[in-house]
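Working notes, structure below.
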Amino acid sequence: MRLDKFICKSTELTRSEAKKLLKSGEVRVNGDIAKNPAMQVHENNNIEIDGQTLTARGSRYFMLHKVADTICSNVDEGYPSVLNFLDVDKAFDLHIAGRLDADTTGLVLITDDGRWSHNVISPKKECQKIYRVWLRNPITVEKSIALIEQFTQGIQLQGESSLTKPAILALVTDTDVDNEVLLTITEGRYHQVKRMFAAVGNRVIGLHREQIGTLKLADLTPGEWRNLTEEEVAEFH
């Protein structure tokens, strides 16, 4: 963890106040004066301010049902940040583990634990994300057989040298709409879902993330959020 972030998690100081404190030489790490806010520190380091040892507060973990026309960012930029929905202290010190486009809805995980969010988003961890996708062009059962195989083998995205990792495509058969599918992926390239369907001659007209790992939105309504349970947090440790 960055030293300035550790100070913020151990005090009521803002990030800018922590940096000023560091610059003044009032912070010691293992007995030595530390001024670099980007210095990496760990739980076993002794970090002091004016002789007082700091202890970081526990990390926070939330799930949110993202609404359309919001952005997964720590600033409001064109659209409001999803962090505005969280009624918690220092919400904008948190970050989003796996971003969604402004027009995409659904499950978002939010935390201040960088290692935990890395386990969520890293392709090497192969954490499954399930999306409900609405397409411009309907997919018939006959055409779906070849398309499902193509997604399993990987899709060549425009401008990229490597295929996407294997993905699972399934038709939604319990509705009257034949342009609705479920797509499961384990990576998060730029606009990946939209680009995958564009590569096979279709267009995404609606996108909703339903699940990350075993975590589901369940009964969370749009704009609602809740804390994750200890068991849910442990899934990505």
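Which aspartates and glutamates does K194 reach when only Cα atoms under 13 Å apart count, and residues fewer than 8 places away in its own chain are ignored?
Hits, sequence-local ones excluded: D101, D103.
Of the listed pairs K9/K35; K66/K125; K66/K216, which have alpha-carbon separations greater than 20 Å here?
K66/K125, as the Cα separations exceed 20 Å there.
Have a look at Q128, I49, G25 and report the one farthest towards the positive end of the charge dipole of the chain, computed about the Cα centre with Cβ charges (Lys/Arg +1, Asp/Glu -1).
Checking the options against the dipole of the chain, the answer is G25.
With a cut-off of 17 Å, note down the residues of the range 95-118 whose backbone N falls inside the zone around a label point 7 Å from the Cα of E43 toward its beta carbon.
In the range 95-118, the label zone of E43 (backbone N under 17 Å from the point 7 Å along Cα→Cβ) covers 112-118.
Among M196, M1, what is the fewest-to-most ranking by other Cβ atoms within 10 Å?
Ranking M196, M1 by Cβ neighbours within 10 Å, fewest first, gives M1, M196.
Before rounding to the nearest 500, sum -39500 (n - 2.57) across all DSSP H runs of length at least 4 in the chain and divide by the residue total; then give [θ] at 222 nm in deg cm²/dmol.
-6000 deg cm²/dmol, from helical runs alone.
Positive end of the charge dipole of the range 28-98 (Lys, Arg +1 and Asp, Glu -1 on Cβ, about the Cα centre): tell me which of G58, F92, S81 has its Cα farthest that way.
Final value for the positive-end residue is G58.
Which of N179, N30, N202 ends up with the largest GNM mean-square fluctuation for the chain, with Cα atoms connected below 10 Å?
Comparing N179, N30, N202 in a Gaussian network model of the chain, the most mobile one is N30.
Within the set of other residues whose C-beta is less than 12 Å from the C-beta of H237, count the net charge using Lys and Arg as +1 and Asp and Glu as -1.
Residues near H237 contribute -3 overall.
In debye, nearest 20, what is the charge dipole magnitude of the chain about its Cα centre with +1 on Lys and Arg Cβ and -1 on Asp and Glu Cβ, if you could check?
Here the size comes out at about 780 debye.
Anyone know which of D112, D93, D50 comes out most mobile in the 10 Å Cα GNM of the chain?
D50
Counting only C-alpha contacts under 8 Å and six or more residues apart, can you give the relative contact order of the chain as a whole percent?
So the answer I get is 20 percent.
Could you pull out every one of the aspartates and glutamates with an alpha carbon less than 16 Å from that of K90, ignoring same-chain neighbours closer than 8 positions?
Leaving aside aspartates and glutamates fewer than 8 places away in the same chain, those within reach of K90 are D4, E12, E17, D76, D112, D113.
Say the dipole of the chain comes from +1 at the beta carbon of Lys and Arg and -1 at that of Asp and Glu; which of V200, T184, V172 then lies farthest toward its positive end?
Farthest towards the positive pole: V200.
Measure of size requested: the Rg and Dmax of the range 3-53, with Cα atoms as the atom set and Å as the unit; please supply both.
Gyration radius and largest Cα-Cα distance of the range 3-53: 9.5, 25 Å.
If each of V141 and E17 carries a label point 7 Å out from its Cα toward its Cβ, how far apart are those two points in nm?
6.4 nm
Return the distance in nm (one decimal) between the two label points of a simple spin-label model at R203 and D50, each offset 7 Å from Cα along Cα→Cβ.
6.2 nm
Would you kindly work out the equivalent ellipsoid of the chain from its C-alpha gyration tensor and give its semi-axes, the square roots of five times the eigenvalues, largest first in whole Å?
41, 18, 15
Calculated FRET efficiency, T214 and D101, Cβ-Cβ r, R0 25 Å, to nearest 0.05?
With a Förster radius of 25 Å, E is 0.55.
Every number in this text was worked out from the coordinates using simple rules, so none of it is lab data. Computed from a prediction, not measured in an experiment: that's the story for all the values here. Using ideal geometry, Cβ is built from the backbone for each residue, glycine included, and neighbour counts are taken over all protein chains shown.
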